[in-house]
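Undergrad: To start, I am sharing the structure in question, which I have written as structure tokens.
The values are calculated or read from the model by the stated rules, or taken from the named source; none is laboratory data. The shown structure was predicted, so the numbers you read here are calculated from the model rather than taken from an experiment. Note that each Cβ is placed from the backbone with ideal geometry, even for glycine, and that neighbours are counted across all protein chains shown.
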Amino acid sequence: MSPPLTSHSSAPADRDTVGAADLAALQRRDRTDRRTRAAFATVFALIGAALAGPVLVTIPARALAVVALVALAVVGAGGLASIATGWLAGRYEMSRPHPWQVWQWRITRRWYAPGATVWHTEPNAGASPLAVLAWYTDPACQIPWALIYDGTPLMSGGSAVWLPLTALTPTPPRPASMSERIGGPR
């Protein structure tokens with residue numbers, strides 16, 4: 001007699017039960033991996049403390065305080081630089097035709113930067129100006145998307161929506177000609 005193909009003696013379960021069992025197994029594996037990483041980190045921290053402890057005792061406390069203060073200042077300056085570059089990258093873009101020819105670099109404001117005013121490309125979608133709240137791009141997206149708000153209070157049905165940049169324009173759309181408004185050319 002051959003052994004069963006599964007470890008269960010009952011009939012195969014439905015997809016939801018199998019999915020739940022797989023998810024539980026993944027969670028158990030993740031918990032085990034987390035505990036293993038924490039154990040390794042603890043061991044390495046103890047080894048580092050055992051090696052650094054005798055050396056740190058010989059250094060005056062004042063020098064240690066100065067080194068700690070300088071390290072905190074460097075971390076703080078790095079954080080400020082990261083915030084500043086994120087803010088600038090969200091509002092401006094730099095075109096670099098050649099990486100070594102700095103004189104050809106150009107900095108231009110993104111027309112879809114937060115705080116900018118944009119309009120729908122289609123005149124039928126709405127003629128009122130829209131405010132850009134944020135924008136997002138991802139390698140999986142073909143084009144960036146902008147979070148826009150029309151200024152209508154939430155109680156009146158207004159809300160912020162994500163739209164692709166192809167649906168927005170930095171200039172107001174031209175009004176439809178008189179013949180288009182009446183029903184087209186005759």
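Undergrad: Within the stretch 63-120, work out how many residues are among the polar types (S, T, N, Q), at pLDDT below 85 and either surrounded by 10 or more Cβ atoms within 10 Å (Cβ to Cβ) or in a helix (DSSP H, G or I) (or both).
TA: So the count comes out to 1.
Undergrad: Would you call R37 surrounded by 10 or more Cβ atoms within 10 Å (Cβ to Cβ), among the basic types (K, R), assigned to a helix (DSSP H, G or I) and not assigned by TED's automatic domain parsing to the domain that holds T169?
TA: When the stated conditions are applied, R37 passes them.
Undergrad: Got a number for residues in the stretch 52-62 being among the small types (G, A, S) and surrounded by 10 or more Cβ atoms within 10 Å (Cβ to Cβ)?
TA: Residues that pass the stated criteria total 1.
Undergrad: Hey, another quick one. Failed condition for G79, given (1) over 22 Å from the mean Cα position of the chain (by Cα); (2) not assigned by TED's automatic domain parsing to the domain that holds W162, with all others met?
TA: The single condition G79 does not satisfy is (1).
Undergrad: On to the next question. Considering each of W135, W145, W105, W119 in turn, give the residue that is outside the structural domain of T171 (by TED's automatic domain parsing) and not small (G, A, S). Steps first, answer last, please.
TA: Details: W135 fails: outside the structural domain of T171 (by TED's automatic domain parsing); W145 fails: outside the structural domain of T171 (by TED's automatic domain parsing); W119 fails: outside the structural domain of T171 (by TED's automatic domain parsing).
Criteria check complete, one pass: W105.
Undergrad: Take the conditions surrounded by 10 or more Cβ atoms within 10 Å (Cβ to Cβ) and over 25 Å from the mean Cα position of the chain (by Cα) and apply them to A49. Does it pass?
TA: Judged against the criteria, A49 is a match.
Undergrad: Does the stretch 65-115 hold any residues that are acidic (D, E) and over 22 Å from W145 (Cβ atoms), and which are they? Write out each step before concluding.
TA: Let us first name the residues in the stretch 65-115 that are acidic (D, E), namely 93.
Within the stretch 65-115, no residue meets the criteria.
Undergrad: Can you tell me how many residues in the stretch 101-125 are over 19 Å from A160 (Cα atoms) and of a type in the set (A, V, I, L, M, F, W, C)?
TA: 4
Undergrad: Can you pull out every residue in the stretch 132-149 that is β-branched (V, I, T) and exposed (fewer than 11 other Cβ atoms within 10 Å of the Cβ)?
TA: Selection gives I143 alone.
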